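Written out below as structure tokens is the structure these notes cover.
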Amino acid sequence: MFFKTNIYKKIYDKIKKSNTIVLARHVGPDPDALGSSLGLKQIILDNFPEKKVYSIGNPASKFSFLGTVDKLPEDLDNKNILLIVTDTPDHRRVDGVDPRNFPNSIKIDHHPFVEKTCELEWIDETASSASQMVLEFVFNTNLKLTTKASEKLYAGIVADTERFMFSYSSSKTFGLISRLLKETDLDITKVYNDLYLREFKEIKFHGYMAQNYIITDNKVGYLIINDETLKEYDVDAATPGNMINSFNHIKEMLVWVTATLDKELGSFRISIRSRGPIINEVAANHGGGGHMYASGTRLKTEEEIKKLIEDLDKITEKYIKNL
């Protein structure tokens, strides 16, 4: 407990002392990456309106309701900036900057430790999300939480827990959410509508995914999606990964994978989920990483994807034998 109390104070003191703050998160952002970054930006501005605060990274139009990203002024001096990286375990996946170039930096992350990337690091693998950690930080300092900031943090927590269905939705998670609801005028219905309302073309694409998953004898489901299919359904390369959690309740799949060609980047976006076998080590062996039951990577070729599937099939086979 002393360590956590100490970390809250250290982060607060750094924010209070810094006139210019840059917030970064991982590439290919999900609602937690955006919610933690944009939510913390809102909190800092609500409490220190005189500070210059920038939340950077490539925009994600699908989640534009969470807020817009900023462009850094070219004349900023890294030595005089506080960088705060959320929801990102290593320097390679930070979008927009290299944290190793910032002598004054903080990392707030709930992924398993990969490498030290910032001067001050707060890592909590038991937290449901980086957004939960930001909320915990606020409630353990003198910072005030506004409704505008709570919308972003709540969206991040809801998305990373899949509406509190995953096991890391702990008593702490619900305690923090309870206090958030007591202290702000958050409209949770609006947040759920923003997160889960879909255009009809996306619902049709979801049907395509369900019909085309290939399932191995060891209950690994996988789907490789090419550019022609994305164009046919008029969806972008991020869409399959955003839908992957909705296949959590298929009895015949213990592990499931989507591999979507991102033509702009010339690689496949790989999203992996599990309902039992631990998958993050396999993802790490293929250049990615993540949580025990939710991981991802990027691969160049279909041959690499098939090797990934083979490795996932092996761990799933072992998992089934040990049941």
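The convex hull around the C-alpha trace of region 201-323, projected and averaged over every direction, spans 6.9 square nanometres. Note on the chain: with charges restricted to the Cβ of Lys and Arg (+1) and Asp and Glu (-1), its dipole about the Cα centre is near 860 debye. Looking at the chain, send over the antiparallel percent of its DSSP beta bridges, to the nearest 5. Approximately 45 percent, going by the DSSP bridge assignments. Annotation: extensible slack from GLU125 through TYR192 equals 21.6 nm (criterion: 0.36 nm per residue apart, minus Cα-Cα distance).
Report summary: the helix-based calculation at 222 nm, which adds -39500 (n - 2.57) for every DSSP H run with n ≥ 4 and divides by the residues of the chain, gives -12500 deg cm²/dmol. Starting from 0.36 nm per residue, how many nanometres of slack lie between HIS249 and PHE200 once their C-alpha separation is accounted for? Between HIS249 and PHE200, full extension yields 15.4 nm more.
Over 30 Å apart at the Cα level, from the set LYS107/LYS219; LYS41/LYS190; LYS79/LYS263; LYS41/LYS251; LYS201/LYS321; LYS116/LYS300, are LYS107/LYS219; LYS79/LYS263; LYS41/LYS251; LYS201/LYS321. For GluC sites (Glu not before Pro), the sites in region 201-282 that DSSP calls loop and that have at most 13 other Cβ atoms within 10 Å are GLU252, GLU264.
Counting only lysines at least 8 places from LYS172 when in the same chain, those with an alpha carbon closer than 19 Å to its own are LYS4, LYS152, LYS182. Once you reduce region 1-74 and region 264-323 to the center of their Cα atoms, the two points are 30 Å from each other. Take the Cα radius of gyration of region 236-290 and divide it by 2.2 N^0.38 Å, N being the number of residues; the result is 1.18. Rounded to the nearest 20 debye, the dipole magnitude of region 177-323 is 500 debye, with +1 charges on Lys and Arg beta carbons, -1 on Asp and Glu beta carbons, and the Cα centre as origin. Treating each Cα of the chain as an identical point scatterer and summing with the Debye formula, the log10 of I(q)/I(0) at q = 0.08, 0.09, 0.10 Å⁻¹ comes to -0.37, -0.47, -0.58. Kirkwood Rh over Cα pairs of region 82-186 into Stokes-Einstein at 25 °C, 0.890 mPa s: D in µm²/s? D = 170 µm²/s.
The label-point distance for ILE214 and ASP234, in a model that sets each label 7 Å from Cα toward Cβ, rounds to 3.0 nm.
Loop-located trypsin sites (Lys or Arg not before Pro) in region 73-133 (DSSP state not H, G, I, E or B) with no more than 14 neighbouring Cβ atoms inside 10 Å: LYS116. Counting neighbouring beta carbons within 10 Å and listing from fewest to most, the residues LEU23, LEU120, LEU261 come out as LEU120, LEU261, LEU23. Residue exposure proxy: ARG163, ARG273, ARG298, ARG25, ordered by other Cβ atoms within 10 angstrom of their Cβ from fewest to most, comes out as ARG163, ARG298, ARG273, ARG25. Between ILE250, THR239, PHE200, the Cα set farthest toward the positive side of the dipole of region 200-321 (charges on each charged residue's Cβ, about the Cα centre) is that of ILE250. Net charge of the neighbourhood of ASP234, taken over other residues with C-beta under 15 Å away and scored Lys/Arg +1, Asp/Glu -1, is 0.
Rule-based calculations on the coordinates, nothing more; no lab input. Keep in mind that this is a model prediction, so the values were computed, not measured. Cβ coordinates were reconstructed from backbone atoms using ideal geometry, including for glycine residues, and neighbour counts include every protein chain displayed.
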